[in-house]
Amino acid sequence: MNKDSVKQIRPGAFSESVAGEEDPGASVDLVQPPPMQPGDEAPRGTPGTGETVCRLCGGSGRREGGDSCPECGGTGKVNVGVGGG
């Protein structure tokens, strides 16, 4: 192969879209996992898990003195593993 047959490619050429087409990466929606509370064993919606009443606050979402429960973040619920074995 001689140097006349080698075509130079300008920097950034592969990061551009094909003429008339939308950038293929522009429409990708990245799914963020739902935030977890300290009492959660897994993110909400994880197969094999479910919501239950927070053991620390008894489902009220509050601690004595009215502060938000640190285990459930004030929701009164935590996500835990269910069944199986």
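Of the residues making up segment 49-85, just one is within 18 Å of Pro33 (Cα to Cα), in contact with a strand residue (DSSP E or B) (Cβ under 6 Å, 6 or more places away or on another chain) and part of a loop (DSSP other than H, G, I, E, B), namely Cys72.
Cβ separations smaller than 7 Å between residues 6+ apart or across chains give the following pairs from segment 30-55 residues that are among the polar types (S, T, N, Q) to residues that are outside any loop (DSSP other than H, G, I, E, B): Gln37/Val78; Thr49/Asn79; Thr49/Val80; Thr49/Gly81; Thr52/Lys77; Thr52/Val78; Thr52/Val80.
Okay, residues lined up against (1) surrounded by 13 or more Cβ atoms within 10 Å (Cβ to Cβ); (2) at pLDDT below 80:
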| residue | (1), (2) |
| --- | --- |
| Met1 | no, yes |
| Pro11 | no, yes |
| Glu22 | no, yes |
| Gly25 | no, yes |
| Leu30 | no, yes |
| Gly48 | no, no |
| Pro70 | yes, no |
| Lys77 | yes, no |
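The values are calculated or read from the model by the stated rules, or taken from the named source; none is laboratory data. Treat the numbers as computed from the prediction; the structure is a model and nothing was measured. For neighbour counting, all protein chains shown are included, and Cβ atoms are generated from backbone atoms with ideal geometry for every residue, glycine included.
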